[in-house]
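Please treat every number below as a calculation from the coordinates, not as lab data. Keep in mind the model is a prediction, meaning the values are calculated, not measured.
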């Protein structure tokens, strides 16, 4: 098994992928994920290690039980945390549900949740509670909502500095994780 040093990115893409040549690459959540890859490409010190690079690629038409599901699990077992993208476009697809369920409930991975439609740490909160828009997104993926209290969970906007801080925070790494609860940045 690979070293557990990767960041597993979980995001929704249509099943099956759109008929365009872009396929999954045109899905909004995949575009947000590619933002992390771009930041890493531009700045080698950006602390994102893509767990998807730890195994060979799978194709859209691959068999779920024989290829896709085992590959997702292999990547999750090579990860120290999960970066979950939740947006207005997110749907609880078979793959996303599997990633979240296995990542949290079998592997105990801490979760850094990226909310691309929120533009600041303050926008994620409403006083001492999470903003209604955040909790509404949890409802879109019931397995996440039901499981998130089992591991440390941190919501962040899609901002390089904030995501970099979260990825570097030992409370959100498997071997040194903090208490199981929903955290937030004080503003």
With Rg and the Kirkwood Rh both taken from Cα atoms, where does Rg over Rh land for the chain?
-> 0.93
Contact order relative to length for the chain, counting C-alpha pairs under 8 Å separated by 6 or more residues, stands in percent at 23 percent
With each run of n ≥ 4 DSSP H residues scored as -39500 (n - 2.57), what mean residue ellipticity at 222 nm is computed for the chain after dividing by its residue count and rounding to the nearest 500 deg cm²/dmol?
-> -8500 deg cm²/dmol
